[in-house]
Amino acid sequence: MPPMLPVRPFSAVRLADVLTSSLASLQAAANPLDLPPAAKAVVVLADGLGVSSLRARAGHARFLAGHLGKTDVVDGVFPATTAAGIASLTTGTPPGTHGLVGYKVLDAANDRVVNQLTGWDADMDPASWQNQPTVFDRAAHVGIPSFAVGPKRFAASGFSQAVLRGASYVPAETVALRFGAAREIFDAEPRALIYLYVPELDINAHAHGWESGRWLAQLEGLDAEAARFAGSLRQDEGMILTADHGVVDVPAAKQVLFDTVPELVAGVRHIGGDPRCLQLYTDPGGNPDDLAGAWRAVEGERAWIFTRAEAVAQGLFGDVRPEALGRIGDVIVAARKLIAYYDSREPNQSARSMVGQHGSLTEEELRVPLIRLGAYRR
């Protein structure tokens, strides 16, 4: 019997609706978020800022927390990881459709696992690997200029080419400079759609944990800059602040070296995903049901375990286009306890120094804020 969905059903409005709704508002069109008409819109993506963390540290983010109502929350995507989440935001489609179905996934044509944030090469063409039109493409089609504001190092990356097509990239190295660039665009353009990326919270969560002083300092800085920018918004300028996923801190003592249990790696050819959401790919002719059964027998009390067929049938990846189906693991292991799964056979064990983790289906990882400001404030 396939496992039931491990959490309540996904919210009716999701991360994929945020940027598409913003573009619709610039056309005075109906949209899933019920945003009113506006001339200009900015969507701020605070990487890793889950609702639970924001509420837990509300005293250090008085502006953002003060504008976060009970209903200003949406679900991100599964897996709760950056590649999948940002691609859903910028295409308006679920991971199964845009094809970025995890952090590391199988590239079957080359019999390898690829990192969808940093692993792009000549064998991974951004235009075909992610073949859905972006919201920026749609904006250009109706004559609305769009912009992506973020660190310079991401300007020409394969990931950016896959998910930011159609937007003019504006490099800015600090949060303050990014908001400054957005203000300049608003001042210069009669109509504009802006995507503004803030990676600093996620970077510090991975390195130090979301409960660390360094993460808190980044939250305070973002809160101050968001408040300053919101104060500059004119009547026809809307702003939304959201996130791709939340974060949980996993102590080193809670790392699970799953390869030390032989039956958990028997017949496994490739290992992808995240430490909190493994995607296991079997040898040719392997039996995913047998592998899933072995994992349920050993880890069923602290992880949700799905075969690919079960995950797709239950809608965890949304509608899955045929080219993306094989990128999803034959077996998916999503942590529900405060643990992270690692393979001790890997030559590079640097990932085990990470504190903040994400990828799974817990409320802390899935639920993200949807803070509406300026013309979008309710």
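The values are calculated or read from the model by the stated rules, or taken from the named source; none is laboratory data. As the structure is a computational prediction, the values presented were derived from the model and not from experiment. Note that each Cβ is placed from the backbone with ideal geometry, even for glycine, and that neighbours are counted across all protein chains shown. Side chains are part of the model used for accessible areas, which takes the heavy atoms of the whole protein and leaves out ligands, DNA and RNA. Shrake-Rupley method; radii C 1.70, N 1.55, O 1.52, S 1.80 Å.
Points worth noting:
For every residue, the table says whether it meets (1) at pLDDT 95 or above; (2) touching a Phe, Trp or Tyr at 6+ places or on another chain (Cβ under 7 Å); (3) farther than 30 Å from M239 by Cβ.
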| site | (1), (2), (3) |
| --- | --- |
| L89 | yes, no, no |
| K104 | yes, no, yes |
| I144 | yes, no, no |
| F154 | yes, no, no |
| F159 | yes, yes, no |
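- Contact map, region 251-278: residues that are within 20 Å of E365 (Cβ to Cβ) paired with residues that are among the polar types (S, T, N, Q) and buried (at least 18 other Cβ atoms within 10 Å of the Cβ), Cβ distance under 6 Å, separation 6+ or inter-chain. Pairs shown: G272/Q279; G273/Q279; D274/T81; P275/Q357; R276/Q357; R276/S360; C277/S360.
- In region 18-40, the residues that are more than 22 Å from the chain's Cα centre (by Cα) and part of a loop (DSSP other than H, G, I, E, B): Q27, A28, A29, A30, D34, L35, P36, P37, A38, A39
- Residues within region 172-187 that are without any contact (Cβ under 8 Å) to a residue 12 or more places away in the chain and open to solvent by 40 Å² or more (accessible area, probe 1.4 Å), tallied: 4
- The criterion of being acidic (D, E) and free of Cβ contacts under 8 Å to residues at least 40 places away in the same chain holds for E211.
- Reported count of residues in region 127-144, each being within 19 Å of the chain's Cα centre (by Cα), of a type outside the set (F, W, Y) and open to solvent by less than 20 Å² (accessible area, probe 1.4 Å), is 3.
- Only residues that are touching a residue at least 60 places away in the same chain (Cβ under 8 Å) and surrounded by fewer than 18 Cβ atoms within 10 Å (Cβ to Cβ) were counted across region 217-233, and they come to 3.
- Counting only strands (runs of 3 or more DSSP E) that fall entirely inside region 145-232 and contain at least 1 residues that are within 18 Å of the chain's Cα centre (by Cα), the qualifying elements are 146-150, 192-198.
- Residue count, region 189-211 (criterion: open to solvent by 20 Å² or more (accessible area, probe 1.4 Å) and not β-branched (V, I, T)): 11
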